[in-house]
Ligand SMILES: Cc1ncc(COP(=O)(O)O)c(C=O)c1O
């Protein structure tokens, strides 16, 4: 719908002049509608948009609804049909670190419905069935990534904590600069906190999971670091980068654990190797 929203330019899908979507401003959306209506085997049931991801304010959704209702009215005027469905996608921001903004879902529901009702009343359109597609907001907070510390390096000014994963299991930090807030789990400690940079094991200086996070000063190889909000865009974005192998997924509930996805093994990777 020609709306810039989302946590980073690389996850803003609602702007004009990019690979996603059919623009409202250059007439592509209306042209597509005409082409669909010309196809006897297709039934146009509604409009869909997805404006971006990690959107932490309600405003862009309200603007998207306004523009989509505008298009519905133009379609009615031009073709004499009213569309029964409107889908405004997902992109609801979650907090990855303490103090980070997340989208207020109740405010979203209230403001989007109000805009839809007002807009449809103004345009004399019947209310369409409204759909949203939350992804990260459901799956993200449900997952925790657990890394083992491989090495601790102290320079004059900084402490680097290297873990056994990184950009191959989670490329978000390297792709668009996201930073996490890992914390020590698995053992108690009274050591005073010290600022540390948590880095991955891959062959890139940009493989950084967390910058300047307070971790116990006695952190050492073998320790476990837990990284919250890893349930979305983590394993699904994991890759074969540096042939490290993708991690397992373990479901945990009421003190019991069950493997859902097994760890990728050397064998898995060798299987594709045809050899000389
Ligand atoms: C069409 C569409 N809907 C919904 C989503 C979910 O987005 P999010 O996980 O940010 O809520 C995406 C994500 O790429 C998408 O492309």
Residue under evaluation residue 215, criteria (1) away from the ligand (no atom under 16 Å from the Cβ); (2) within 16 Å of the chain's Cα centre (by Cα), criterion not met: (2)
Flagged in the stretch 8-30 as surrounded by fewer than 13 Cβ atoms within 10 Å (Cβ to Cβ) and either more than 14 Å from the ligand (Cβ to nearest atom) or closer than 15 Å to residue 69 by Cα (or both), in numbering order, are 9, 17, 25, 26, 27
Are any residues in the stretch 203-222 part of a loop (DSSP other than H, G, I, E, B) and surrounded by fewer than 19 Cβ atoms within 10 Å (Cβ to Cβ), and if so, which ones? 203, 204, 205, 206, 217, 218, 220, 221, 222
So the strands (runs of 3 or more DSSP E) completely within the stretch 31-150 holding 2 or more residues that are outside the structural domain of residue 231 (by TED's automatic domain parsing), buried (at least 17 other Cβ atoms within 10 Å of the Cβ) and within 13 Å of the ligand (Cβ to nearest atom) are none
Quick check, is residue 186 on the phi > 0 side of the Ramachandran plot, in contact (Cβ under 8 Å) with a residue 12 or more places away in the chain and loosely packed, with under 11 Cβ neighbours inside 10 Å? no
Can you find even one residue in the stretch 161-174 that is away from the ligand (no atom under 15 Å from the Cβ), closer than 25 Å to residue 5 by Cβ, outside any strand (DSSP E or B) and without any contact (Cβ under 8 Å) to a residue 40 or more places away in the chain? yes
Can you tell me which of (1) surrounded by 12 or more Cβ atoms within 10 Å (Cβ to Cβ); (2) assigned to a loop (DSSP other than H, G, I, E, B) is the one residue 225 doesn't meet? (2)
Single residue of 239, 265 found to be free of Cβ contacts under 8 Å to residues at least 24 places away in the same chain and out of contact with any strand residue (DSSP E or B) (no Cβ under 8 Å at 6 or more places or on another chain): 265
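The values are calculated or read from the model by the stated rules, or taken from the named source; none is laboratory data. Predicted model, so just to flag it, every value in this text is computed and none were measured. Here Cβ is always computed from backbone atoms with ideal geometry, including for glycine, and neighbour counts include all displayed protein chains.
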